[in-house]
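S.K.: Mind having a look at this structure? Questions to follow.
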Amino acid sequence: MTETEKAEVDGRGSPIGGRLVGSSPRRKDSPEALTGKATYTGDIHFPAMLYAAIYRSPYAHARIRSVDLSRALASPGVVAALSGDDLPNFVNPIQASGEYRLERSGSTIVRMHPPIHSLLAVDKVRFVGEPVAVVVASDPYRAEDALELIDADFEMLRAVVDAEEAMKKESPLVYEDLGENVLLYAFVSGGDVEKAFRKAPHVFKETIKSSRFTGTPIEPRAVVARYDPGTHLLEVWATTQNVHLQEEQIQQTIALPGLKVRVIVSRLGGAFGQKGYGHQENTLIPLLAYLVKKPVKWVETRSEHMVGTNHAREQVHHLEVAVENDGTILGLKDRIVADMGSGYLNSGFSTVRVSSLFVTGVYRIQNYEGQIFGVATNKTCYGPHRGFGKAEPAYVIERLIDIVARKLRLDPIEIRRRNFIRPEEFPYQNATGSRYDSGDYEKILDKALKLADYPHWRKEQEKARKEGRWIGIGIAVVVEPTSTHRGGVGSYYGVRMRVEPSGNVWVFICGNDDGTGHDTVVSQIVADELGFPFENVNTVEGDSLLCPYGSGSHSSRFAVVGTSAVMLAARKLKEKILAIASALLKVDYNSLAIKAGKIRVATDSREISIQDVARVAYSTVHRLPPGMEPGLEILYHYRDPNVSPNVDERGRVAQYSTFPYAADVAVVEVDPGTGKVHIHKYVSVHDCGNMINPSEVAGQHMGALAHGIGGALYEELLYDETGQPLVQNFKDYLVPTAVEVPHVELGHTITPAPFTPGGFKGAGETGTVSPPPCLANAVEDALRPLGVEIRTLPLKPNFVWEMLRSAQIRTDTGRLGSEAG
Amino acid sequence: MKLQGKFAIKRPREAVYRFLVNPERCGRLLPDLQSLEVLSPRSFKAVLRVGISFIKGPMQIQFELFESEEYTMARYKGKGMGMGSFVELQVGFHLSEEGDGTEITWQGVAQVGGRLAAMAGGLLQPVVEKNAGAFIETLKKEIESAA
């Protein structure tokens, strides 16, 4: 159950007579999405359209000896084929984006070597799935069949598939010209960590790993492109979260003088960070459209997605923690090794680096030192996934708290309470430079424990142990910072808003909807701010030509900077509307109010419609107040006050703007015969500040929890020692279904964000962050009498069973028992 | 994947060796062979049906007798691509006299990559072992019955 308000609502679910922000009107896009009428990139069709299929490397690491396309080109229906050596001279390698170029010169704090790579592999392939050649044909089946006619010869090279092995001198080099496999080194420190460690009565060391997995949006990636020779315009429909950054990258890579590029996102069926702008196909398909002078379409298959789209999460944390006898944490050190795979995605660098900034989690730890190594291996590129580099440190710190509790024989709940950042300490400057905006971690933990009926389950656990059953309770309190500056381009959000004589409001925003209901949320805000009917608000997004420039949809930023921009833009437009109405009605500006599309005088019955005001603004402009510009249109940019891309001498940076958080409690039972983890109860209490649309927040949080549970218990991208991916489809990659995802009791607390006009924080990612540590803590709690220690994920049945086997004490009947009983 | 084994044949070592270094005679014994083309005295191309169950299709593999020592050793390597996959393998035979016959010790290393490896996964090993066993049995019978 959720704690959303139950107001009296109209037929579309909107509160009658009340504010829309804070209520849950039905989503505007639901009918078309649910009835199959929504248009996704894969639905787009043009006359004479051609289809592309990509020949991908089956080798993890190999030199390309030759690629012979002659048989493919001779195949019926094939129009064109290219390999890396066939790329025209005007095609540049894919460049690092601005935020990475700035730091590329290197420093002692941050050293980065983003590899420069080509649209199609040249000389060498570095991971299974790397694009080597492409075929364009009259239908997708001929294109796919023609791939079999490509004669490619490779010289297999030794692959490296472990990041720590890849750091050794004798390891094969993924990029020979770099001379090493460490693509990123970053250092950050706060306080005096050496002093803290010197005075600590206890210092514990632990190594904790998080496994490799990915996001699996239901819609794989797709690109459609067409070129108009008359206007020299390349139009690209792509599954990207960043239309303007994608446009920029296409322009830089296809360096044709005077070329214009427009990128449009039709609709996204989920993104989760897998649909950034750096993927080769996003530029390759437009290039093909230019070369063949016909529309070209490419749609990724699921098995392509599993190797061709970025992976996430694989990190090893080598931790040292200094603690007092009562569990107060005095200092923390973390040496992180992140497996970046082929490392070509720019956003992968940011993902990795962010992990070093939030290891202190929700705790008051000012003495901290973090080092992070982002290492190249012969695997699919590392990149963003829901939680973007913050899920890994959250997992680590929440595990560490339980481990310290166990070593000191203290209650993990009490250690958390002792170390939480206190409400009165907000805004709180964490050790790595971020200013946490608001929070009450004790309150949210208490609420979660109450919802879970924690004392009851501790009693149940005692009873169960006597019966030889392994029940455990796990807790996690996590923060998931949202809305990053992204080197500057993410620190603002542009909105264009126009009121038309029809009475419609058009809102052009710089993001795109990846299933998150932007148009509904925008309509709620604008309806409240402008006093317009909800139905009259229309949102346009995901178009690099029509929409204001910006970094797009990522980092849950729409709720933070997007809504702030919409809100403040609406207020500015409202000022102009009221000023015009005041002049027309000859009344004081302050006596006017807008409601249901009409401007009313507070002191009498006079009113004027928005349409009438708009006609004056656009047509009879001589009636405008003196000096006022015609039109009811505004372009507004909101700048986030709580981020800064400046990195100081200790590597500290105010990376994120708002800090939503959650407390989860899980009750599990481990089947000793199979190792399967059964979830008896799962509670998640979430705080994203003021909620714009509680139903939307609940839906997002629930979806995120499913992602998090998948990552904790089932999902893992495995490779063999030669770099072959062993998981390329849903037969082997176990995305949880409705059967595996338990019923979750959701709750909310509200601590408004002080730095956003609406008090909103980002929402929708925290749920991926909390389940892994919560469930790992629960399973370890369940198996504590057997001495089982959890240091890696996922907790698949075979893995748990193996742990049990090595820790077990078998009874004469062969059943597992315990010395403790 | 690594495999090895040993077997004895009631034929002199010279006869066994001559059979093993003959691409036409040796190549014809490959399991799931669809076509064979001898390219030279030391190399041949074979089209084999590779894979398991519904993940099975034709793959052209080029074999080369890349190392040999008269009457004592013969080693082949093979490389092929298809179905978004590759196969690279080496198989070596060491011959020693045993009474009137020959003892043959063989080792094979095979690497499969790409779609086939991902789709078939751990199911490939038993299939490869079965095919290797069938090849060896057929080889033994052919050599023993050869004139």
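The values are calculated or read from the model by the stated rules, or taken from the named source; none is laboratory data. The structure presented is a predicted model; accordingly, all values stated were derived computationally and were not measured. Glycine also receives a Cβ, built like all others from the backbone with ideal geometry; neighbour counts cover every protein chain displayed. Just the protein is used for accessible areas: all its heavy atoms, side chains included, with ligands, DNA and RNA removed. Shrake-Rupley method; radii C 1.70, N 1.55, O 1.52, S 1.80 Å.
S.K.: Nearest 5 percent is fine: what portion of the DSSP beta bridges confined to the protein assembly as shown is antiparallel?
M.R.: The antiparallel proportion sits near 85 percent.
S.K.: Given a 1.4 Å probe and heavy atoms of the protein chains only, how would you sort B:PHE66, B:PHE93, largest accessible area at the top?
M.R.: Descending accessible area places them as B:PHE66, B:PHE93.
S.K.: Taking 8 Å as the Cα distance limit and 6 or more residues as the minimum spacing, I'd like the relative contact order of chain B as a percentage.
M.R.: 27
S.K.: Can you give the percent of C-alpha pairs in region A:505-560 whose distance is more than 14 Å?
M.R.: 51
S.K.: Still on this structure, please answer the following. Could you compute Rg(Cα) / (2.2 N^0.38 Å) for chain A, with N its residue count?
M.R.: Output field value: 0.99.
S.K.: May I ask for the angle, rounded to the nearest 10°, between helix B:124-145 and the longest principal axis of chain B, with both axes built from Cα atoms and the value confined to 0 to 90°?
M.R.: 30
S.K.: For region A:628-724, state which trypsin sites (Lys or Arg not before Pro) are in a DSSP loop and have at most 12 other beta carbons lying within 10 Å of their beta carbon.
M.R.: Qualifying residues, ordered by number: none.
S.K.: Another question, then. In peptide B:80-86, what is the residue-averaged number of other protein chain Cβ atoms found within 10 Å of each Cβ?
M.R.: If you average over the peptide's residues, the count of other-chain Cβ atoms is 5.
S.K.: Where the centre of each part is set by its Cα atoms, how far does region A:385-421 sit from region A:46-77, in angstrom?
M.R.: 49
S.K.: Using modelled amide H (1.01 Å from N, peptide plane; none on Pro or chain starts), what sits under 5 Å from the amide H of A:CYS381, excluding residues fewer than 5 places away?
M.R.: So A:CYS381 has HN proximity to A:HIS311, A:SER342, A:GLY343.
S.K.: Enumerate the amide H contacts of A:GLU130 below 5 Å, restricted to partners 5 or more residues apart or on another chain; note that Pro and chain-start residues carry no placed amide H.
M.R.: Those lying under 5 Å, H to H, from A:GLU130 are A:SER57.
S.K.: Compute the Cα gyration tensor for region A:662-821, then decide on rounded, prolate or oblate, letting a ≥ b ≥ c be the square roots of its eigenvalues: rounded whenever a/c is under 1.5, prolate when a/b is larger than b/c in the other cases, and oblate in all that remain.
M.R.: Note, shape of region A:662-821 comes out prolate.
S.K.: Could you give each residue of region A:331-339 its phi-based ³J(HN,Hα) in whole Hz, using Karplus coefficients 6.51, -1.76, 1.60 with θ = phi - 60°, and x for Gly or Pro?
M.R.: Using θ = phi - 60°, the values come out as x, 8, 10, 9, 10, 10, 10, 10, 8 Hz.
S.K.: Tell me whether region B:67-113 comes out rounded, prolate or oblate; compute the Cα gyration tensor, take square roots of the eigenvalues as a ≥ b ≥ c, and use a/c under 1.5 as the rounded threshold.
M.R.: Note, shape of region B:67-113 comes out prolate.
S.K.: Now a separate question. Just need the relative contact order of chain A here, percent rounded to a whole number, with Cα pairs under 8 Å and 6+ apart.
M.R.: Reported as a whole number, the value is 15 percent.
S.K.: What value, in deg cm²/dmol to 500, does the helix sum -39500 (n - 2.57) over DSSP H runs of n ≥ 4 give at 222 nm once divided by the residues of the protein assembly as shown?
M.R.: Computed ellipticity for the protein assembly as shown at 222 nm equals -8000 deg cm²/dmol.
S.K.: Kindly rank B:101-107, A:380-386, A:734-740, A:280-286 from highest to lowest mean number of other beta carbons found within 10 Å of each residue.
M.R.: So the peptides B:101-107, A:380-386, A:734-740, A:280-286, ranked by packing, come out A:380-386, A:280-286, B:101-107, A:734-740.
S.K.: Something else about it: Could you give the accessible area per residue of the protein assembly as shown, probe 1.4 Å, as a whole number in Å²?
M.R.: Per residue, the protein assembly as shown has an accessible area of 38 Å².
S.K.: Give the distance, in whole Å, between the Cα centre of region B:87-147 and the Cα centre of region B:1-69.
M.R.: Cα centres, region B:87-147 to region B:1-69: 9 Å.
S.K.: Something else about it: Can you list the HN-Hα couplings for region A:286-291, worked out from phi with the Karplus curve (6.51, -1.76, 1.60; θ = phi - 60°), rounded to whole Hz and with x for Gly and Pro?
M.R.: x, 4, 4, 4, 5, 6
S.K.: Separate question: With all distinct Cα pairs included, what does the Kirkwood hydrodynamic radius of chain B come out to in Å, to one decimal, could you say?
M.R.: 15.6
S.K.: Using only the alpha carbons of region A:622-718, determine the length spanned along each of the three principal axes and report them from longest to shortest in whole angstroms.
M.R.: Dimensions of region A:622-718 along the principal axes of its Cα atoms: 83, 43, 27 Å.
S.K.: Quick one: which residues, 5+ away or cross-chain, put their amide H under 5 Å from the amide H of A:ASP543? H built at 1.01 Å from N.
M.R.: Here the answer is A:VAL265, since their amide H atoms fall under 5 Å of that of A:ASP543.
S.K.: When the Karplus curve 6.51 cos²θ - 1.76 cosθ + 1.60 is applied with θ = phi - 60°, which whole-Hz ³J(HN,Hα) does each residue of region A:614-629 get, with x for Gly and Pro?
M.R.: Listing the rounded values in order: 5, 5, 5, 5, 9, 10, 8, 5, 5, 8, 5, x, x, x, 7, 6 Hz.
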